[in-house]
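Working notes, structure below.
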Amino acid sequence: MELSFSDWQDHAAALSFRTQAFIDGQFVDALSGKTFATINPATGEEIAQIAECDAADIDHAVKAARAAFEDGRWSRMEPGARKAVMLKLADLIRENLVELALLDSLDMGKPVTDAATVDVPGSAHFFQWYAEAIDKLYDEVAPTAAGDLALVRRVPLGVVGAVVPWNFPLDMATWKSAPALAAGNSVVLKPAEQSPLSALRLAELAQEAGIPDGVFNVVPGFGATAGKALGLHMDVDCLAFTGSTFVGKKFMEYSGQSNLKQVWPETGGKSPNIIFADCEDLEAAADMAAFGIFFNGGQVCSANSRLYVERSIQDRFLELMKTRAEALKPGNPLDPATKLGAIVDEKQTQSIMARIEAAADTSRLVSGGERVTLEGTGCFVTPTIFGDVAQDDPIATDEVFGPVLAVIPFDSEDEVIAMANDSIYGLAASVWTDNLSRALRVSERLNVGTVSVNTVDALSAQTPFGGMKQSGFGRDLSLHSLDKYTALKTTWIKYKL
Ligand code: NAD
């Protein structure tokens, strides 16, 4: 499907938005009647007023989710039937691709073609993948003595709370909801306040697909009110979180202060990308290094924001990176030619610019470093590269969550492994080399959840995604994510011999 700039603009103009919370199968106002604005960061214009849920609405949603779980309308539905419903949802996501892509693009500024080719197809694929898994998962019989039969089964937990960020709104909602629903749970999802629109539409599509009322609820609102209330709720069994490390720690506290719910944090990152001089295709490495930091405006948890380049190729590689950064101009997210869209909001834009300004005093600005506007408005930052960065400079240690790359030279394998591991984060890393032994040796020693060799950000439904250290310990995707949403239950039966 190829849509032109004006096609996308026409579709955008014709959109209507779901603005109320979705609880127990119905769109409802917040009980307080309050609303908040969701803003298009490319234009600064308000898109819609959204129901501002707080603790009372969270309680309403959790009660609905609990009732649905207990009466078994979904949790005890025959696996093949649950599979059929989730496959239908995957189809509906595909059928509504244009609308869903626009909702995410308008809400948080990403290029609509990225949303249409990556985010929305990804969401459909993940729903399909977990749907197909539902009737293929077998449980265990333990090796006990004669006269004893011990069944070890995976059972759904009950009510799963999911709190997600704005960088991939539909996908983050899917990464949590699809496996949680596949396992038979009820879900209460709180989307980020910057990007609630696609999650609300997803709820409607889920209902159309046949997800029973109360099983999938979406409660938009702010973190400190709605998010916190979900974290503290006494009847939520599990809280799956993606977002900042700071808030991930808060959810651990909320759990301790309430009912010891399981908390699965997937948090920040400062992922190293290591280019060895024995990498033969430096052009390809530069293409992917640029993609690794500038895709989605660098607003990616696993963004390759630290680039370690072997000193002998540093000048050449920096030149390759500079060419790529300068070719990438921020543009209107609805223009199919745009590869770099808007930053999510004014606050994030100011935070990125403050970090750029501080780094300009300590490191060499190679490219970018500017805030720009389109037709005099919007939140846009040019692709930015700093060279000669010190390992302990804040631009090399702190997550910027923007299109900002810190380049650091190295001289030896041991040195770069030590520098790459010298971080509070451990989400992902990339290694570029044509020496297979080195690729394996270095990969083994990097303390991260995913190492990509001769690529960046390798990711699929079939492989777990998540981190080590302060990047959190939850794993999304793959069958392993079902571990988060199920408990092991033993049923021990004595029989007469
Ligand atoms: P954030 O932590 O500020 O917000 C994430 C979610 O938490 C939002 O829904 C927000 O409303 C809620 N929240 C905020 N404060 C809260 C509080 N006090 N109590 C309860 N809930 C609260 O993060 P963000 O700025 O939206 O997203 C960017 C962050 O997400 C980055 O750090 C990024 O690395 C991380 N991220 C991680 C992954 C991963 O899989 N590891 C993926 C994407 C993004």
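The values are calculated or read from the model by the stated rules, or taken from the named source; none is laboratory data. Computed from a prediction, not measured in an experiment: that's the story for all the values here. Please note: Cβ atoms are built from the backbone with ideal geometry, for glycine as well, and neighbour counts cover all protein chains shown.
Figures for the structure shown
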{"quantity": "Scope the stretch 122-156; condition surrounded by 21 or more Cβ atoms within 10 Å (Cβ to Cβ) and among the aliphatic types (A, V, I, L, M); matching residues", "calculated": "124, 131, 134"}
{"quantity": "Residue within the stretch 325-348 that is closer than 30 Å to residue 418 by Cβ and part of a helix (DSSP H, G or I) present", "calculated": "yes"}
{"quantity": "Unmet requirement for residue 381, which otherwise passes all of (1) β-branched (Val, Ile, Thr); (2) surrounded by 24 or more Cβ atoms within 10 Å (Cβ to Cβ); (3) more than 27 Å from residue 111 (Cα to Cα)", "calculated": "(3)"}
{"quantity": "So residue 303, is it closer than 30 Å to residue 8 by Cβ and either of a type in the set (A, V, I, L, M, F, W, C) or part of a strand (DSSP E or B) (or both)", "calculated": "yes"}
{"quantity": "Enumerated helices (runs of 4 or more DSSP H) restricted to the stretch 24-109, each holding at least 3 residues that are touching a residue at least 24 places away in the same chain (Cβ under 8 Å) and closer than 25 Å to residue 3 by Cα", "calculated": "79-95, 97-108"}
{"quantity": "Output for the stretch 352-402, where each listed residue is without any contact (Cβ under 8 Å) to a residue 60 or more places away in the chain, part of a helix (DSSP H, G or I) and among the β-branched types (Val, Ile, Thr)", "calculated": "352, 356, 362, 395"}
{"quantity": "Residue match in the stretch 319-330 (condition: surrounded by 24 or more Cβ atoms within 10 Å (Cβ to Cβ) and farther than 25 Å from residue 431 by Cα)", "calculated": "yes"}
{"quantity": "Filter result (touching a Leu at 6+ places or on another chain (Cβ under 8 Å), part of a loop (DSSP other than H, G, I, E, B) and within 16 Å of the ligand (Cβ to nearest atom)) within the stretch 130-176", "calculated": "164"}
{"quantity": "Matching strands (runs of 3 or more DSSP E) fully within the stretch 204-294 where at least 2 residues are touching a strand residue (DSSP E or B) at 6+ places or on another chain (Cβ under 6 Å), more than 16 Å from the ligand (Cβ to nearest atom) and at negative phi", "calculated": "272-275"}
{"quantity": "Answer from 436, 497, 405, 440 - the residue that is out of contact with any strand residue (DSSP E or B) (no Cβ under 8 Å at 6 or more places or on another chain), farther than 28 Å from residue 250 by Cβ and touching a residue at least 40 places away in the same chain (Cβ under 8 Å)", "calculated": "497"}
{"quantity": "Residue 362 being surrounded by fewer than 16 Cβ atoms within 10 Å (Cβ to Cβ) and in contact with a Pro (Cβ under 9 Å, 6 or more places away or on another chain)", "calculated": "yes"}
{"quantity": "Leading residue by the ranking (nearest to the ligand (Cβ to nearest atom)) among those in the stretch 194-203 that are over 26 Å from residue 154 (Cβ atoms) and touching a helix residue (DSSP H, G or I) at 6+ places or on another chain (Cβ under 7 Å)", "calculated": "194"}
{"quantity": "Subset of the stretch 453-472 (residues that are of a type outside the set (A, V, I, L, M, F, W, C) and away from the ligand (no atom under 15 Å from the Cβ))", "calculated": "454, 455, 462"}
{"quantity": "Test: residue in the stretch 435-445 that is at pLDDT 95 or above and touching a Gly at 6+ places or on another chain (Cβ under 6 Å)", "calculated": "no"}
{"quantity": "Residue check for residue 439: within 18 Å of residue 288 (Cα to Cα), part of a helix (DSSP H, G or I) and of a type outside the set (Lys, Arg)", "calculated": "yes"}
